[in-house]
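The values are calculated or read from the model by the stated rules, or taken from the named source; none is laboratory data. All values derive from a computational prediction rather than experimental measurement. Note that we place each Cβ from the backbone using ideal geometry, even for glycine, and neighbour counts take in every protein chain shown.
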Amino acid sequence: MMLKKCLILLALTYSQMAQGNLIPLPNKIESYQAESIVLQQKSQLVCPPEFKASAKVGLSHIELVNEAGSGTKIVVVKDGSIKKREGYVLDVNEKQITIKAKSASGVYYAMQTLKQLMYPKNEADGYYVPALKITDSPRFAWRGLMLDSSRHFQTIPEIKRFINNMAEHKLNVFHWHLTDGHGWRFESKKYPKLTEIGAWRMQPGYPTKGKKEKYGGFYTQEEMKEVVAYAKVRGVTVVPEIDMPGHCFAWVAAYPMTGCLEKEQGTDFFYTYPADAQRFPSKPGTDVLCVGKKETVKMCFDILDELMEIFPSKFIHIGGDEVNKSWWKKCKHCQAHKKNKGLKNERELQSWFIKQLDNYITKKGRRMIGWDEILEGGLAKNATVMSWQGEQGGIKAAKMGHDVVMSPQTYIYLDHGQSHSPQEPPHWPGHKPLDRAYSYNPIPPSLSKNEAKHILGVQGNVWTVFTHEEWLIDLCTWPRACAIAEVGWTEHKQQNWDDFYKRLKFHRTRLDAMGINYWWEESAELGAWANTKLLPDNKPVTLTFDVTGKISAGDNQINFQYTKGAHALNLHEVNLLEDGKIVTTDKHEGITGSEHRKNTYTLKLPKLNPKASYTIKAKVSGSEGVDSHGKVRLDNVQTKVLKKLPYE
């Protein structure tokens, strides 16, 4: 009897530990007073045929077979009483594992939760799974990530890996940005020059100085169908984007008569890479379609036809953002068309064009979605708005009765920086750290209950201006995508930053197992300086900080950050001492104040002695005065891959 109680207590302890690894957090968890079940490497699956593929893919590291008596029994039941399409019930007891779901997606998500609950027993015997019942469903129907394949091209295996990583975190919309000014990636059978010409660009200095070969690539229609099928079995919908009428430099390069200039131009390239990568367009030409020509509009319809043959998604994204309307003001075709249609200005001309796309897509039984600029000049009747410039576009559209996907750059643009560490690779200007992403609530308080129903969900965007390789895409996406996954799945009242961060630290082992090169930084404030610690006449002083228990083996980044005062702080030298003896030194001149220059010092500790005490001594001086205040931080970056970039 005593042994039984001990086993139950151990099972409960493990159950609590396992639940601490769940991301996103399920909406209801009930623990049983029972032992954990052992899920064996070869187990029996009893499952409806339409759910079998999602079940097996969702738990692919377990061999699931039909034979009775083969290990643990997993029973999947189709349950129409579950309210939300992606909802599920996962019930684990001492005898078997039961999953109830309404759809194949629900089965897949139940398997992801089960996978996170599993704890290795040993390689031969399988895994422990705690006895519990989870009743779960998502807060929002749209939980997405966008990947820009135009600025930098990813291979099909890389695209599949991106989708798989999404799906395992219950993110369900892959917004595929297929075209832009820097490269056309969608194979069109009707207009082959779009890829023959528009898929390739010259790229000075990328990825190495002196490189002269063209950069680019595109996806064949068969490859895109393959991606759609791969995503479907994982519960992910692929929403394609063909950007129009702006961001069309590559389009016009392929077919010059579709542009207002009506003359040849090249595909655009970045001005320099990566320092000025955000400076575009940089080549002579136009990135805007001439919407005053019937031929241009027909070409748009033709491309949409091809797109909808490949992608069965309900939503088709047409871009519609950042349209440089100055070209239309100088174009005889656009001006004549504007006059003929009785349009007052170029904003109404853009609205007219967007409405043509909306009508065409609606007739095909689909729904058009575009960035929030499609509100300009009047919103198309059936349009859905993706609000990226902030929340105002989404709020306006929701109040008008239109559906909205919230994707504000102010919170969840993943190409923006996430750290103040000098080790973070180049990125788009902006600072959107992990806690800011987690703090985002897609439903603005200014919306009424009925208006809030138009918020379909949330989406983070990965623009690839600065991410030319897969390890960099990983670095900017994760773990912020974990935060977005929980924002989209878990009810807002259950979201808690401290709890999420605690679970995420445990969840890192899973990210490691998935091979994700996520950004991880353990920062600590070491201390501060103030005017009382400095001497006049720029005389140097030594600042001392106890870093025992904070320092680690390897590179330790010590950052000096000025906060206030009339004077900067000159930095001269930083030493790391082990039991009073110097073990490493970084000696260089730096400054922190109105400007920050070389204000980070790297101290490499060959080996950490857990019994030793560690101290940092910094030699500094006031810069033309002593009115200087600031903080000293230890930025310990634990990212797996952080290599010297090839273009540096």
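Numbers at a glance
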| quantity | calculated |
| --- | --- |
| Exclusive hit being within 29 Å of D435 (Cα to Cα), among the polar types (S, T, N, Q) and buried (at least 18 other Cβ atoms within 10 Å of the Cβ), set N599, N575, N570 | N599 |
| Qualifying residue in region 526-540 (condition: closer than 23 Å to E168 by Cα, without any contact (Cβ under 8 Å) to a residue 12 or more places away in the chain and not in a helix (DSSP H, G or I)) | no |
| Meets criteria (of a type outside the set (A, V, I, L, M, F, W, C) and surrounded by fewer than 18 Cβ atoms within 10 Å (Cβ to Cβ)) for P422 | yes |
| Residue in region 362-371 that is part of a loop (DSSP other than H, G, I, E, B) and within 28 Å of the chain's Cα centre (by Cα) present | yes |
| Pair list, Cβ under 7 Å, 6 or more apart: region 498-518 residue within 22 Å of R436 (Cβ to Cβ), other residue among the aromatic types (F, W, Y) | F500/Y438; R508/W520; L511/W478; L511/Y518; I516/W478; N517/W471; Y518/W478 |
| Identity of the residue in region 288-310, touching a helix residue (DSSP H, G or I) at 6+ places or on another chain (Cβ under 6 Å) and closer than 18 Å to R185 by Cβ, that ends up surrounded by the most Cβ atoms within 10 Å (Cβ to Cβ) | L289 |
| Top-ranked residue of region 293-337 - restricted to ones that are part of a helix (DSSP H, G or I) and in contact with a Lys or Arg (Cβ under 7 Å, 6 or more places away or on another chain), ranked as farthest from V227 (Cα to Cα) | H333 |
| Strands (runs of 3 or more DSSP E) contained entirely in region 22-106, each with at least 1 residues that are under 29 Å from the mean Cα position of the chain (by Cα) and more than 15 Å from M118 (Cβ to Cβ) | 29-31, 88-92, 97-101 |
| Top-ranked residue in region 70-88 [being crowded, with 20+ Cβ neighbours inside 10 Å and of a type in the set (V, I, T); ranked as modelled with the lowest pLDDT] | T72 |
| Residue ID - modelled with the highest pLDDT, chosen from residues in region 604-638 that are surrounded by fewer than 18 Cβ atoms within 10 Å (Cβ to Cβ) and among the acidic types (D, E) | D627 |
| Residue in region 156-182 that is nearest to E322 (Cα to Cα), counting only those that are in contact with a Lys or Arg (Cβ under 6 Å, 6 or more places away or on another chain) and outside any helix (DSSP H, G or I) | H182 |
| Candidates W478, W529, W489 - the one that is in the same structural domain as I455 (by TED's automatic domain parsing), more than 26 Å from P425 (Cα to Cα) and crowded, with 16+ Cβ neighbours inside 10 Å | W489 |
